[in-house]
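Values in this text are rule-based calculations from the coordinates and carry no lab data. On a predicted model such as this, the values are computed, not experimentally measured, just so you know. Here the Cβ positions follow ideal geometry from the backbone for every residue, glycine too, while neighbour counts run over all protein chains shown.
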Amino acid sequence: MSTMIVEIYEALKDAGVSEEKAIRAAEALSESQTASKADVDRLEKRMIRIELLLGVVLAAVTIPLLRSLLT
């Protein structure tokens with residue numbers, strides 16, 4: 001049995017949904033809201049690229065500014 005969101009299951013049961021349908025729905029919601037290892041890895045790679053680009057932009061702005069102040 002996969003992981004399910006207990007609150008969703010209980011709410012569905014209280015609403016009169018059959019136990020089997022409530023379990024399947026709660027499990028489906030749980031699986032769709034869980035990030036996989038691949039999702040996390042992909043986001044970490046994107047964050048690294050963004051950090052590198054931010055560094056390049058800061059350098060591109062800061063270097064000419066410092067040159068103009070020092071000359």
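Label separation (ALA28 vs LEU69): 5.9 nm, computed from points 7 Å beyond Cα along the C-beta direction. With the simple spin-label model, which puts each label point 7 Å out from Cα in the Cβ direction, the VAL17 to ARG42 separation comes to 2.7 nm. Only Cα pairs under 8 Å and 6+ residues apart enter the sum, and on that basis the relative contact order of the chain stands at 28 percent.
For LYS37, the lysines whose Cα falls under 22 Å of its own Cα, not counting residues fewer than eight places away in the same chain, are LYS45. With neighbour counts taken as other beta-carbon atoms within 10 Å, the residues VAL57, VAL17 rank, fewest first, as VAL57, VAL17. Over all Cα atoms in the chain, the spread is summed up by Rg and Dmax: 24.7, 78 Å.
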